[in-house]
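Step one of this worksheet: look at the structure below.
The values are calculated or read from the model by the stated rules, or taken from the named source; none is laboratory data. Here the structure is a predicted model, which means the values were calculated and not measured. Here Cβ is always computed from backbone atoms with ideal geometry, including for glycine, and neighbour counts include all displayed protein chains.
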Amino acid sequence: MHTDNPKITGILLAGGLSKRMGREKGILRIGNALLYQYPLGVLESVCDEVLVSTCNDSVLKVKHRSICDEVKGMGPMGGIYSCLRASASDLNLVLSYDMPLVNDALFRLLLSESATYDIVLPALNPKRPEPLCGIYRKSTAPVMKEMMDENDLAVHHLLKRCNSNIVTISSELECWHPDLFMNINSKGDLNNIPAGFGI
């Protein structure tokens with residue numbers, strides 16, 4: 001166990017189609033590692049186990065269990081839901097595999113703010129939380145299933161239906177980086193990675 005909290009499961013969201021990239025973006029090389037290895041390393045440093053949300057585990061060479069979406073066509077919510085169902089933990093740290101700048105200090109902060117909440121998400125702007133980087137308790141899975149049955153995939157609806165906490169990330173915090181939540185969606189985004197990162 002890596003923290004003083006109860007058992008924690010990490011969920012690496014790796015199920016995107018990468019339409020804008022034109023190929024599997026998770027295996028793009030940044031410095032001495034592949035894109036997906038940065039967020040995976042963060043989860044491994046904080047969590048007791050890691051689940052990988054993907055229906056194609058042949059591309060990412062990971063030692064962790066892959067979970068395919070139980071409900072197809074539901075986007076990230078479908079991936080989070082399926083992994084929550086497979087998780088052995090109440091606390092689950094979710095992180096998209098295309099967010100290389102997220103650090104373990106951020107998750108330590110979110111964990112410290114999680115005691116009474118079902119969902120804890122960070123945000124640079126409180127009105128725009130980051131749904132693919134945060135804490136989801138296993139108990140939120142039934143709420144997600146209800147929403148998917150209604151074809152409602154709006155994160156702000158989920159936040160209202162659960163006991164949610166939005167943590168504002170500011171420059172005085174240890175985890176701070178102005179591009180902390182940058183995600184890689186196109187080849188051009190690689191040019192925005194800070195100089196020296198990944199070397």
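Among the residues of segment 48-62, are any of a type in the set (S, T, Y) and under 30 Å from E150 (Cβ atoms)?
At the first step, the residues of segment 48-62 found to be of a type in the set (S, T, Y) are 53-54, 58.
Next cut, under 30 Å from E150 (Cβ atoms) only: 53-54.
Scanning segment 48-62, I find at least one residue that is of a type in the set (S, T, Y) and under 30 Å from E150 (Cβ atoms), so the answer is yes.
Condition (residue is out of contact with any Lys or Arg (no Cβ under 6 Å at 6 or more places or on another chain) and over 25 Å from T54 (Cα atoms)) applied to segment 82-101: is it met by at least one residue?
Looking for residues that are out of contact with any Lys or Arg (no Cβ under 6 Å at 6 or more places or on another chain) and over 25 Å from T54 (Cα atoms), one finds none in segment 82-101, hence no.
Which residues, counting only those in segment 158-184, are more than 22 Å from L91 (Cβ to Cβ), at pLDDT 95 or above and exposed (fewer than 13 other Cβ atoms within 10 Å of the Cβ)?
S170, S171, E172
Which of the helices (runs of 4 or more DSSP H) found entirely inside segment 82-199 contain at least 2 residues meeting this: in contact with a Ser or Thr (Cβ under 7 Å, 6 or more places away or on another chain)?
Helices (runs of 4 or more DSSP H) meeting the threshold: 104-112.
Rundown of residues vs (1) without any contact (Cβ under 8 Å) to a residue 12 or more places away in the chain; (2) under 15 Å from A141 (Cα atoms), yes/no style:
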site: C47; (1), (2): no, no
site: S53; (1), (2): no, yes
site: I67; (1), (2): no, yes
site: M77; (1), (2): no, yes
site: I80; (1), (2): no, yes
site: C83; (1), (2): no, yes
site: L95; (1), (2): no, no
site: S112; (1), (2): yes, no
site: T116; (1), (2): no, no
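Does segment 140-148 include one or more residues that are modelled with pLDDT of 95 or more and closer than 24 Å to V42 by Cα?
Yes: one or more hits.
Would you confirm, using the coordinates I've provided, whether V155 is surrounded by 13 or more Cβ atoms within 10 Å (Cβ to Cβ), over 17 Å from the mean Cα position of the chain (by Cα) and under 22 Å from G15 (Cβ atoms)?
no
With the structure loaded, tell me whether N92 is touching a Cys at 6+ places or on another chain (Cβ under 6 Å), modelled with pLDDT of 95 or more and not hydrophobic (A, V, I, L, M, F, W, C) or whether it fails that test.
Working: touching a Cys at 6+ places or on another chain (Cβ under 6 Å): no; modelled with pLDDT of 95 or more: yes; not hydrophobic (A, V, I, L, M, F, W, C): yes.
Against the criterion (touching a Cys at 6+ places or on another chain (Cβ under 6 Å), modelled with pLDDT of 95 or more and not hydrophobic (A, V, I, L, M, F, W, C)), N92 does not qualify.
Identify all residues within segment 57-88 that are touching a strand residue (DSSP E or B) at 6+ places or on another chain (Cβ under 8 Å) and either modelled with pLDDT under 90 or buried (at least 21 other Cβ atoms within 10 Å of the Cβ) (or both); write none if there are none.
D57, L60, V62, I67, G79, I80, S82, C83, L84, S87
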